[in-house]
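Trainee: Dropping the structure in here first, questions after.
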Amino acid sequence: MKASLFEIFKIFFLIGIQLLGGGYVIVPLLKKYIVEERNWLTEEELVDYFSMSQCIPGIIAGNIATCAGYKARGVMGALMAILGIIVPSFLCIVILANILTGIIQYPIVQNAFWGIRISVVILILITVKDLWAKSVNSVFTYILFFLILAALLLLPVSPTLIIIISAVIALLHNKITGCKNA
C-alpha cells in the first residue's frame, strides 16, 4: 500500500520531535517507524541511505529523510519527509528565539551567555588539542599547518579552496613518499 503524503509528513514530524543528539539518533527511530511498522524501507536500504547521507552535504537526518520519503512516494514524498524532519527544529528555534528576545536584556541572561561562550571556546580548544595530536605529527604536517594558517590569515582565499588544495598536497606528498598518511 502506498503511503499517503500526510502520513509521511506525520511520521517524519514524530521522528523530528524525538531527534535529540544529532543525526545518528535517527537510525533506530527510522528502523522502528519506517522499516518495522510500515515496511517503507528494508533494513539494507536504511543502512545504504545512512551511509550515503554521511557522504553528501547536509544534515544526516535530512538526507536520510529525503531518501526514505522519495522511496516511499517519489519527489512529493521526499518533500514531505524533509519538511516533517525540519519543522520541529524550526518551531523550537522560533519559540526559543522569541523567549530570548524578551529576556536577553536582563543581566543574569547576558552573564549566562557570557559563561556559555567561554565554555564553547574551551570545548573548541579541547577539540583542537585532540585533532592536533592526531593530525600535526610530522615535519610535513607542521609545514602544511603553518602554510594553511598563513594563507587563511593573510590572503583573501576561501576556506573551501584551502581544504581542497591541502587534500591535493597531502595526496601528492603521500604518493611521492609512499606514506599512507603524513
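Trainee: Just going by the charge dipole of the chain, with Lys and Arg at +1 and Asp and Glu at -1 on Cβ, which of Ala150, Ala81, Ile8 is farthest out on the positive end?
Mentor: Ala150
Trainee: Go ahead and run the numbers for FRET between Glu44 and Val87, Cβ-Cβ distance against an R0 of 30 Å, rounding to 0.05.
Mentor: 0.55
Trainee: What's the longest bit of the chain with no exposed trypsin sites (Lys or Arg not before Pro), using DSSP loop states and at most 16 other Cβ atoms within 10 Å as the test?
Mentor: 39-179
Trainee: Moving on. Say each of Thr177 and Phe113 gets a label point 7 Å from the Cα, pointing the same way as Cα to Cβ; how far apart are those two points in nm?
Mentor: 4.5 nm
Trainee: Quickly estimate the mean residue ellipticity at 222 nm for the chain, helices only: each DSSP H run with n ≥ 4 gives -39500 (n - 2.57), and the total goes over all residues, rounded to 500.
Mentor: For the chain, the value works out to -26500 deg cm²/dmol.
Trainee: Across 10 Å bins from 0, what is the distribution of all Cα-Cα pair distances for the stretch 1-143, in whole percents?
Mentor: Here the calculated profile for the stretch 1-143 is 11, 29, 22, 21, 15, 2, 0.
Trainee: May I ask you to compute the full-extension gain from Trp132 to Val157, defined as 0.36 nm times their residue separation minus their alpha-carbon distance, rounded to one decimal in nm?
Mentor: The span from Trp132 to Val157 would gain 6.7 nm if fully extended.
Trainee: In the chain, carbon and sulfur make up what percent of the accessible area (probe 1.4 Å)?
Mentor: That share works out to 74 percent.
Trainee: Right, here's the next one. To the nearest 20 Debye, how big is the dipole of the chain about its Cα centre, given +1 on the beta carbon of each Lys and Arg and -1 on that of each Asp and Glu?
Mentor: Dipole about the Cα centre, nearest 20: 220 debye.
Trainee: Leaving ligands, DNA and RNA out of it, rank Phe50, Phe90 by accessible area with a 1.4 Å probe, largest first.
Mentor: Order by accessible area, largest first: Phe90, Phe50.
Trainee: Can I ask one more? So, in Å, what gap is there between the alpha-carbon centers of the stretch 121-182 and the stretch 17-84?
Mentor: Using only Cα atoms, the two centres lie 33 Å from each other.
The values are calculated or read from the model by the stated rules, or taken from the named source; none is laboratory data. These numbers come from a predicted model, not from an experiment. Positions of Cβ are backbone-derived with ideal geometry, glycine not excepted, and every protein chain shown enters the neighbour counts. Surface areas here come from the heavy atoms of the whole protein model, side chains and all, with no ligands, DNA or RNA. Shrake-Rupley method; radii C 1.70, N 1.55, O 1.52, S 1.80 Å.
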